[in-house]
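For reference, the structure discussed in these notes is given below.
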Amino acid sequence: FRSDMKRLVLPLASASVIGVTAAAGIWLGVSESGLATVARLAETASGGQLRLEQPSGRLAGPLSFERIAWQGPGVEVQIERLRVDWSPSELLMAHLSISEITAARVAVDMAASDAPSEAPVSLRLPVAVDVEKIAISVLDYGSGFSATDLHATFASDGRKHRLSDLRGKVDKTGISGDMVLGGDAPLPVQASATLVGTIDEQPVRLRAEAS
């Protein structure tokens, strides 16, 4: 009888653990409080380098943050009013599917240095990625560059990354372009861009290609 009870208790205990774990996972994924909990855990894990302010929505999407700030050695990134809509179930098939990423402003500041940066050995991604829509109202890089109304799409099979249908404005100049980047050294690039606008009240059109 005791042996039978042990054989019964162990599966019941395992089932209980699995049930509690599944319930916790569902709560984290589909509730706003679950998203807030994940945000706090991420901040703690970053050692104070990451700040995630006013999260709303669900981890399973759509989700948003009023402000995200990252501060590391020599680099500072701020993102205002970020919104992401994605399909987490696609991760089961090693595919990150994002229908939309939008932000009111992205600001990147990097410390000046005379030393050349080292190229990474690899830029491979662990999963395939598809982003149907990227929209950034304002992109500031340091104090010398600012672009507005940026839109693009992104796709990667993990080894080759493609930024397509890029368009936006730099002051009075419209920009558009595409870029393909290989994820393995020497990180081959194929890119094209078109700029149309005015300089000193004169119309300008520039087409550039690079590899």
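The figure for residue 136 is an accessible area of roughly 40 square angstrom, using a 1.4 Å probe on the protein chains alone.
Given a 1.4 Å probe and the protein chains as shown, residue 83 ends up with an accessible area of around 90 Å². Placing a label point 7 Å from the Cα of residue 69 along the Cα-to-Cβ direction, the residues of segment 76-115 whose backbone N falls under 14 Å from that point are 76-81, 107-109.
Annotation for segment 31-88 versus segment 120-162: alpha-carbon center distance of 18 Å.
Computed over segment 84-211, relative contact order equals 17 percent, with contacts defined as Cα pairs under 8 Å that lie 6+ residues apart. Partners of residue 133 within straight-line reach, counting aspartates and glutamates whose Cα lies under 16 Å from its Cα and excluding those fewer than 8 residues away in the same chain: 85, 100, 149, 165, 178.
Other residues within the sphere of radius under 15 Å centred on the Cβ of residue 202, judged by their own Cβ, net out at -1 (K and R +1, D and E -1).
Once you order the gyration tensor axes a ≥ b ≥ c over the Cα atoms, which shape class does segment 106-192 get: rounded for a/c under 1.5, otherwise prolate or oblate by comparing a/b with b/c? Cα axes put segment 106-192 in the oblate bin. Radius of gyration (Cα atoms) of segment 30-147, expressed as a multiple of 2.2 N^0.38 Å: 1.18.
Each Lys or Arg adds one and each Asp or Glu takes one away; over the other residues whose Cβ falls under 12 Å from the Cβ of residue 182, this sums to +2. When 209, 43 are compared by accessible area of protein heavy atoms, the largest-first order is 209, 43, using a 1.4 Å probe. Taking the accessible area of segment 24-121, probe 1.4 Å, and keeping the other protein chains in place, the carbon and sulfur fraction comes to 59%. Would you kindly find the accessible area of residue 181, with a 1.4 Å probe and non-protein molecules such as ligands, DNA and RNA excluded, rounding to the nearest 10 Å²? Solvent-accessible area, nearest 10 Å²: 40 Å². Here the spin labels are modelled as points 7 Å beyond Cα on the Cα-Cβ line, and at residue 107 and residue 123 they lie 2.6 nm apart.
If you take all other residues with their beta carbon under 10 Å from the beta carbon of residue 109, and give Lys and Arg +1 and Asp and Glu -1, the sum is -2.
The values are calculated or read from the model by the stated rules, or taken from the named source; none is laboratory data. Everything quoted here is computed from the prediction, not taken from an experiment. Neighbour counts run over all protein chains shown; Cβ positions are idealised from the backbone, glycine included. Accessible surface areas use protein heavy atoms only, side chains included; no ligands, DNA or RNA. Shrake-Rupley method; radii C 1.70, N 1.55, O 1.52, S 1.80 Å.
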